[in-house]
Structure formats: structure tokens, C-alpha cells
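Visitor: Just passing along the structure, written as C-alpha cells.
Just so it is clear, none of the values below were taken in a lab; they were calculated from the coordinates. All of these numbers come straight from a predicted model, not from anything done at the bench. We place every Cβ from the backbone using ideal geometry, glycine too, and count neighbours over all the protein chains shown.
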Amino acid sequence: MNEFFFKAVFGGVIRTGEAVLAATPTLLVGLLVAAILRFYFDKAGVRRIFGGSTVRSLPQSWAIGMLLPVCSIGVLPILLEMRRAKVKPGAMSAFALSAPLFNPLSLLYGVTLSRPYVILMFAAGSLFLVTVVGWVWDRFGVDDTCVDVPSEASPHHHNENSSHQHSEPTAIIGIRRLLAMFIYAGRQLAGPVGAWSLLAVCGVGFLAAVLPWGSLGEAMGRDDWWAPARMVFVSVPVYATPMLAMSQLGMMFQHANSPGAAFILLVLGAGINLGTIGWMAKQFGSRSVFIWIVCLIVIVTSIAYAVNRPLIPPGVTPSSHTHAFDVYTNPIHQLNSTSSKFALDKLAEKFGLVEQIAITMLASLAVVGFVLRLTGIDEKKLVPAPQTKTSSSANPVGPTTHGMDRIVGPNVVGFTLIMGLVALSIVMCYAFYPSREECFEEIRFIRADALSAANSGDYEHAKFWIPRWDEWSRRMEVGVYLRSGRVTPYQRMQGFLLRQKLDLLEHEVEHERPDGDAIHTLVVELMATNARWSSAYRKPFSPDG
Amino acid sequence: MRHLLLVAYIACLGWASVGCSQQANQTATHDHHHETAPHMPSSLGDLCHKMRNRLKMINKRQTSPQLEAELTDLVSWAPEFAADTDIEESLWIPIYESSEQVRASIEKDANLWDQSRVENIAQLCQLSEDAWMTLDADERIDRYQPHSHHDHDHHDHDHTDHDHTDHDHTDHDHTDHDHTDHEHSEHDDGDHQPRDQMKR
């Protein structure tokens, strides 16, 4: 009993740590966007961004959500700001659900699926879903007039009552405003955003504690009628980044798992987490959020069962198992794995350069935030003293211009910053999906490591490199698509075959008693397939010769 | 009410996890097997042979829903099997286009197996056979088929096609004997060799 409990807790802690690492980059983006909304847009400006009270509010909210590179934890700070600005709950729901589902990086990743139109159908289905759920929630779920907007940490709460409908003065400008954004982000991280985010990642830990190692491997079979229903219960506490959800979708289609379960994983696994649900329950009341979540689950499950048969990819033989969901189960297989070295090794696998930079920034921000909270310092200290009554009424806070400085409207600056973020997303797409030659170079090293490890019997090493080869082959496919506008069916097919054989090799090396002959045969196969795949990109067929 | 819902959710999660855990031991030791369809061909040549045999059955009005489903699978697999050989891309493209065309037509109406569809499949078959024959004899090899790890005692990967309605063969060597395949074509046996025996 003690052994079981120890494994559950230890495994849960490891998975929680992995989720924290995965969430840091997009949480930073979320904090930045929330700070921009707070200090560059007044409340009316924020409401305008999300469509105000018009019929556009729902589609506009999900459209903005799809442009921002945030996950379901990264949306939390933005939701707090939307709430402060009294954005309609339906629009908040649409934003909260759609922003983590798709972003430019993850949508492009969908190009590498064997049938990319499925991702477009999933995207269309998800957007229909968030619109319906948002509308139902606005119509039946929330009596917003009875819910008080929290004024916690508001730099302007002293005059909020008089500015419900009109723009509030954004009193801080220039360098002070940048400093105020930093203080605000730190305090939010050390306060409500940090707390709700921790609740969100704890969901993954809870799931890992409950589900034994590898127990979901055969739970989502194509012909298993219960697979979508099972996925509903698993995916609610799950926290998945958009890229993780998309790669799991890829694996599910590769293994011909249940398409309905894949849809549920995308919407509920990537779209919501315990933090989102908890925060909404606190803001809108348990009854209201109960209606929201029931409505969401009923519609998602209905769509999932409706598409479960029609979306089965033709000609793909279902695999009896998948490793796509191993990340949600306990990472510990044997009790002798419960060492600190094992935990550190597991975390090190997820601790790439992006995570290293993000965790350093986030940790610094959190330390600053804690100090500021302990000392009671907040961004209000940076608001300049009120002007005398002789100031111009057109400029109530009366900032003075110095030299070439010009006062630019906050909405203009805020809009520019948001556009900058979108531009940054595009740049990130090109950086994340590099050029063909760069990918070939990277894959050359990975391939050498993976195949020599498999041939020499160093299966742990092979297990580390095989998924990276798979990932880089996908990144190259998207990179070529981004730069040339097309991937030929032959290139796509060769990529499919390469990943199919990588998957087979991965399965072979994972057996307790790996079959050396089968591994050797697969290595030879992989080399041949890799040669054809490379040739498909280096010398694509042209009818003109 | 809130506590009741929480308890209900945990109970449901427990049900889901118990359902999953029943399979956990099997997965934990990777004691699973990779299922392959009984009519899964061993190579592009074998795929053409299987398509031809099923087309013959349809032409003789000896069709059945199972046979049509198998033929649909074979049509869908043609580009994949062709791409897994050393045939030129220029030869692969017509196979892909022809397969997509037939597949779209089957998706549109799965029950209409008229002469036009049969001819289209025959054309796909011809394209695949022509492409297969452009390969040298030592390039006409079987694809790797994942094998069951229940079967560690015998390491030969059974590249066979033996339906349960089949004869009582105990020797699963690289022959082709499903219920539609009594007439052995030129692709049988000597025309392709198993990947295991391949020397590179």
C-alpha cells in the first residue's frame, strides 16, 4: 500500500514538474499580453478588442485567441484582465477555449498529418463549438449584473465606479509604464495567476497519480465504443500545450486511434484545465460554471461520437496501442525508478533551451513579485501626482512632453504592441520551422545517434533520439510548406513512411527483450526510406524536367 | 451539491482508470502485438495480385461486402506500398492520382461497383504492376511487417496472407493463399523476396 502511494505521489510530482516546464513560455506571453491590455488599453478599449456587446464578440474573441501563442495556462492572466474590463462572459469563454486550441505554430504542425483537412475540420468544429457554448452561456448561464468584478491589484480602483462605460485615464506613460508592467506581471505571478496556474498543473499530477504507467496505451482504440467517453474524464484535468495536443493528434491518426477521442483531447485537454474551471467558478459562481462545463462536455462528446466513424483514415490498420498518452500516466514503472536521479533525468528531457530561458525569466519575475507583495509595493506608486485644477481638461493627467516626445494615444500604442506580437508569432513560425537545409543538417546528427544506438544495443539512447527524428521530419515538412507554399503528395507520403518506421523502431526498442534481428531489419529499412524521403525534397519531380 | 459532483467525477475517473488499468500490465511489459489485416499484402507486387484476384471475383459476380471492403483497402494502400519501393516519383504520381480518384468514388457511393469503377481499379493495378516491373529483381522485396511479440520463438516475420477461411496450411512461408487467390499469378513466390533475407 505504501509502495503504491509512494509511486503515485512521486510520479505525480514529476508530471507536475514537467507541466510547469511546458507552461512557462506561454505563461510569460500571457502575462505580457495581460500587461499590455492593462496599461495600454482602457477598459472600453479592451471591450472593443473583444467585440463589445455586438454579435461579433464571439467570433472576434476566438479569432484573437487563435492569433496569440498561449496555452490554457497562458490565457489565465488575460482572462483576469478581460474580467476586469467587463468583457462579456461568452466572449471570455470563446477566447479561453480557442486560444489554447490553435495557434499559428500548432496549426502549421497539422500540415504534417497524413490528411491535413482533418485538422481544418477539427478547427471548424472547435470554433463552432466555442461559439455555441459562448452563446448558451451568455444567454442562460450568467447573470452578470449580480457578479462583482474584483478590484484586486487595480491601479485605478479608486475611480473605477465612475468609469464603467467610459475610458479610464491611463495615467502612467513612458518608462514608468514599462516599469509598471513589470511590477504588475510580477505581482500577478506571485498572486492570483500563479495560484490558478499551480492548480492547473496539479491536474496533470493528480492524473499521473491515479493512472498507472502506460495505462492509456490501449484505452483509445478505434473500435472501442467507450474511447471518447473515457477521454472526457481523462482530458478535463489534463493540461496540454497546443503543440503537445497537436502532436498527440498526429500519433492518434498514425495509430488509427479513435478520432472522436482525439477531438475531445484537443478541445478539453488543450482548451481547459482545473485552473480555468476554478477561476471561472470563483468569478461567475459554481452553478453558472456547472452549466458552462456541462454544456461544453455534452456538445464536445456529441460531436466526437458523430465524427468517430466518418473520420477514420482509410487504409490504416489500427495499432493495438499508442504511446501518445503516456505523458498523462505515472512515469514510474518500477519502484527502483523512484530516485531523485530518475526524476531529474525525466525533467531534463523537457528542459530545452526555450524552457531554460523561460523558467529563468519566470522565476526572476516571481521572486520580484513576492518581494513586492511582501513590501506592499504596487504599480500605483508610479502614477504621477494629480495635476492642479488649471490643467487642460483634454489631458486630465497632464503629462508633459520633452523635446521630440509626443503623447500617443494608449489604444494606438496597445494596438501596435498586439500587432507586434502577431508579427513575432510569424517570425517564431519561421524560426521553429527552419529551412530545408538546416533541417537536413540537424537530422543528419540525430539519425546517426538514433541508428547507431539501435544497432549497438544502446536502446535507452535510441529511445531518446527517435522521437526527435520524428519531430524534425515534421518541422522540415512545415518549413518547406511555409517557404514554398506546398508539399507534394510524394513528399508527404515519404514523410508518413519515415515516421511509420520510426514508430515501429521505437516500439521494438521498448520491448523488455528487444528482438535484435527485427531492429537490424528496421534500421536497414529506415535508411532506405530516409534516402527516398531526402531525395523527395532535394530533387522533387518536375513534369518539365 | 458541489461535493456530490466532485465525488461523482472521482468515481467516473476511477471507472475510466480501472478500465485502462486492466490493460496496464499488458502494456507495461510491451506484451502487445501489432495487428495486421488478413488481406495486408507483403509487397506492391502482392498488392497488385490481390487486387487482380478480387477484380476477377467481381467480374464473375462473386462479390461480397467483405471482398469490396478488402478491395477498397487495397486501393487505399497502393500509393503507400508503391512509395515504399525504389520506383521513380514520376511513376508514383499516376498511381497516387488513380488511387485517390477511385477512393473518392468509393467514398461517394460505396455500393456502386459498376464497370467504370472496375476499369479504374484495373487501370490502377496496371500502373502499379508496370511500376513494380521497372524494379530490378533484387529490389522487389517484401515490406517489413511488424510481428507479434507473443511469437518470439520464431523470428521469421510472417509476410503472408492467410485468411481464416483458408486451407489448413501450417507453413506460413511467403506464399499467398487467401480465399480469392487460388490462381497464382506471375508475382507469386519467385517474384519477390522477403526483407529478412535481403542482403544490402
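Visitor: Output the peptides B:99-106, A:470-477 sorted from most to least packed, where packing is the average of other Cβ atoms within 10 Å over each peptide's residues.
Guide: Ranked by mean Cβ neighbours within 10 Å, highest first: A:470-477, B:99-106.
Visitor: A follow-up question, please. Within a 10 angstrom radius of the beta carbon, how do B:C125, B:C48, A:C71 rank from fewest other beta carbons to most?
Guide: The most exposed by this proxy come first: B:C125, B:C48, A:C71.
Visitor: Could you name the lysines in cross-link range of B:K56, using Cα to Cα under 20 Å and dropping any fewer than eight places away on the same chain?
Guide: Within the straight-line limit of under 20 Å, B:K56 reaches no lysines at all.
Visitor: Show me the ranking of peptides A:22-28, A:417-423, B:57-63 by mean Cβ neighbours inside 10 Å, starting with the highest.
Guide: Per-residue Cβ counts within 10 Å, averaged per peptide and sorted highest first, yield A:22-28, A:417-423, B:57-63.
Visitor: Also, I was wondering about something else. Mind ordering A:223-232, A:342-351, A:81-90, A:301-310 by average Cβ neighbours within 10 Å, highest first?
Guide: A:81-90, A:223-232, A:301-310, A:342-351
Visitor: I've got another one for you. When only Cα pairs under 8 Å and 6 or more residues apart are kept, what is the percent relative contact order across chain A?
Guide: Relative contact order comes out at 20 percent.
Visitor: If each residue's Cβ is checked for other Cβ atoms within 10 Å, how do B:E80, A:E3 rank with the fewest at the top?
Guide: Listed from fewest to most nearby Cβ atoms, that is A:E3, B:E80.
Visitor: To the nearest 20 Debye, how big is the dipole of chain A about its Cα centre, given +1 on the beta carbon of each Lys and Arg and -1 on that of each Asp and Glu?
Guide: Result for chain A is approximately 1660 debye, rounded to the nearest 20.
Visitor: So who's got an amide H within less than 5 Å of the one on B:I141, skipping anything under 5 residues away but keeping other chains? H placed 1.01 Å off N, in plane.
Guide: Residues meeting the criterion, in which the H sits 1.01 Å from N, are B:Q193.
Visitor: I need to check one value: relative contact order of the range A:434-538, counting alpha carbon pairs closer than 8 Å and at least 6 residues apart, in percent.
Guide: Reported relative contact order: 29 percent.
Visitor: From the Cα gyration tensor of chain A, with a ≥ b ≥ c the square roots of its eigenvalues, which class applies: rounded if a/c is under 1.5, or else prolate if a/b is larger than b/c, or else oblate?
Guide: In terms of gyration-tensor shape, prolate.
Visitor: Mind sorting B:R117, A:R499 by how few other Cβ atoms lie within 10 Å of their own Cβ, fewest first?
Guide: B:R117, A:R499
Visitor: Which entries in the list A:K501/A:K539; A:K350/A:K539; A:K282/A:K341; A:K346/A:K539; A:K346/A:K501 go over 28 Å, if you measure between the two C-alpha atoms of each?
Guide: Violating the 28 Å limit, Cα to Cα: A:K350/A:K539; A:K282/A:K341; A:K346/A:K539.
Visitor: If you average 1/r over every pair of different alpha-carbon atoms in the range A:434-538 and take one over that average, what Kirkwood value in Å do you get?
Guide: Its Kirkwood hydrodynamic radius stands at 13.8 Å.
Visitor: Based on the Kirkwood radius over alpha-carbon pairs, what is the Stokes-Einstein translational diffusion coefficient of the range A:246-318 at 4 °C with 1.567 mPa s viscosity, in µm²/s?
Guide: In µm²/s, the coefficient is 96.
Visitor: Show me, for the range A:350-356, the HN-Hα J-couplings you get by feeding each phi into the Karplus relation (A = 6.51, B = -1.76, C = 1.60, θ = phi - 60°), rounded to Hz, glycine and proline as x.
Guide: For the range A:350-356, the Karplus curve yields 9, 9, x, 4, 4, 5, 4 Hz.
Visitor: Another one. Between A:A195 and A:S340, how high is the FRET efficiency from 1/(1 + (r/R0)^6) when r is the Cβ-Cβ distance and R₀ = 30 Å? Nearest 0.05.
Guide: Here the calculated transfer efficiency is 0.65.
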